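Participant: This is the structure I want to talk about, given as structure tokens.
The numbers here are math on the coordinates, done by the rules we state, and not lab data. None of these values were measured; they are calculated from a predicted model. Note that each Cβ is placed from the backbone with ideal geometry, even for glycine, and that neighbours are counted across all protein chains shown.
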Amino acid sequence: MAELRGLQGKHVLITGAAKGQGFSHAKAFADAGADIAALDITEPIPDAYPLATAEMLDATVADIERRGRRCIGLPCDIRDESQVQASVSKALEFFDGRIDVLVNNAGVAALDPIHEMRSHIMDAVIDTIVKGHMYVAKYAVPNMIGRHAGKIINISSGVTGAGVAMLSHYVAAKHAINGLTEAWAFELAEFGINVNAVAPATIRPGAGQGSGMVSGLAESLGISAEDAYEQFSAVGNMPGDKWRTEMHHITDAVLFLASDNADQMTGHVLSVDAGQATR
Ligand SMILES: NC(=O)c1ccc[n+]([C@@H]2O[C@H](COP(=O)([O-])OP(=O)(O)OC[C@H]3O[C@@H](n4cnc5c(N)ncnc54)[C@H](O)[C@@H]3O)[C@@H](O)[C@H]2O)c1
């Protein structure tokens, strides 16, 4: 039977790990024998839908520990370089100086027509997704360079495979993630570091520590989260009921890219997008 190799004992830093897909990835890495640094914002961003809370971050740490692995919770707004520097340094201390895998997963979106773009929301989206992950990489990568080993997985989006209205700040930021993936893959190749991305389709929303992005966008459309999920999936994905994406589909791809099985993959954006890119 084929199995994912090389995840046991790995040290994994995940941004946006207190809820949604990041939490799902954290649990799966722990079940595969990895230890986790769970980084997440614990303060709301003004006018953005609800993000993680300090309670969710604590619950994440407790959940990973229940799975028999070590976990540190790192409250951090990745838009702030000094907070990122301090958090990565705490993660390195917790991990005895070694980060093996970095999952750049945190993200936020909003629905803004171009002619009514709210500049503070544009900043929140672009600063989190683009600059935030550049900061995290800036402080995590020297450790990987020094050891000539490491895997970076960036979370892009299916929106980079098709035109999507009302989300242009988010679409632009996710295109930047694809660009960063290629640029970092090239720059870090000589140090033996793999850099790839996963581009998810619309993910089924969930309450609490479930995925919150679709629920957040649904609220501004005045429809239910389930209706928004169905609508976005029906419009974007391949036709047919099969093409409905859940968090675990993305987690499977992230773990694959972090494993030894993906050692010869770098600079790749792996679409788990229910066919969006080909429509
Ligand atoms: N939900 C979807 O349909 C969908 C589809 C494609 C891609 N994605 C991407 O998947 C990733 C995870 O999204 P999700 O579905 O789990 O949504 P989510 O809202 O449940 O999770 C996003 C996480 O990012 C964190 N975060 C946001 N801004 C932050 C900041 N400035 N600093 C630190 N942490 C911050 C949030 O607190 C939260 O934990 C995001 O990058 C998102 O863009 C989501």
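Participant: Please report, in Å, the Rg and the Dmax of the range 226-278, where both are computed over Cα atoms only.
Facilitator: Spelled out, the Cα radius of gyration and Dmax of the range 226-278 are 13.3, 40 Å.
Participant: While we're on this one: On a C-alpha basis, how far is the centre of the range 43-111 from the centre of the range 198-228 in Å? Whole number, if you could?
Facilitator: Centre-to-centre distance over Cα atoms comes out at 21 Å.
Participant: What is the set of long-range amide H partners of V272 at a cut-off below 5 Å, with H atoms built 1.01 Å from backbone N?
Facilitator: When sequence neighbours closer than 5 places are left aside, the close amide H contacts are A199, A201.
Participant: For E226, what is the net charge nearby, where nearby means another residue's Cβ is under 15 Å from its Cβ and Lys, Arg count +1, Asp, Glu -1?
Facilitator: For residues surrounding E226, the net value is -3.
Participant: For the chain, what does -39500 (n - 2.57) per DSSP helix run (n ≥ 4), summed and divided by total residues, give at 222 nm, in deg cm²/dmol to the nearest 500?
Facilitator: Only helices count here, giving -13000 deg cm²/dmol.
Participant: Among the complete DSSP H segments of the chain, which ones combine at least 24 Å of alpha-carbon extent along their axis with a mean Kyte-Doolittle hydropathy of 0.0 or more?
Facilitator: 168-188
Participant: Which net charge results when you count Lys and Arg as +1 and Asp and Glu as -1 among the other residues whose beta-carbon is under 13 Å from that of A274?
Facilitator: Net local charge, A274 excluded: 0.
Participant: Can you give the local net charge around I121? Use residues other than it whose beta-carbon is closer than 12 angstrom to its beta-carbon, Lys and Arg +1, Asp and Glu -1.
Facilitator: -4
Participant: In the range 188-279, how does Rg compare with the Kirkwood Rh, expressed as the Rg/Rh ratio over alpha carbon atoms?
Facilitator: We get a ratio of 1.06 for the range 188-279.
Participant: Now a separate question. I need the peptides 152-162, 49-59 ranked by packing, meaning the mean over residues of other C-beta atoms within 10 angstrom, with the highest value on top.
Facilitator: Per-residue mean Cβ counts within 10 Å order the peptides as 152-162, 49-59.
Participant: At 0.36 nm per residue, minus the direct Cα-Cα distance, what do D80 and A165 gain on full extension? Give it in nm, one decimal, please.
Facilitator: 27.7 nm
Participant: Taking the Cα of D241, stepping 7 Å toward and past its beta carbon, and measuring to each backbone N in the range 252-279: which are under 20 Å?
Facilitator: Residues passing the 20 Å test: 274-275.
Participant: Based on the mean of other Cβ atoms within 10 Å per residue, sort peptides 65-71, 212-218 so the most packed one is first.
Facilitator: The most tightly packed comes first, giving 212-218, 65-71.
Participant: OK, next. As an exercise, find the ratio Rg/Rh for the range 11-271 from alpha-carbon atoms, using the Kirkwood inverse-distance average for Rh.
Facilitator: Reported Rg/Rh (Cα atoms, Kirkwood Rh): 0.94.
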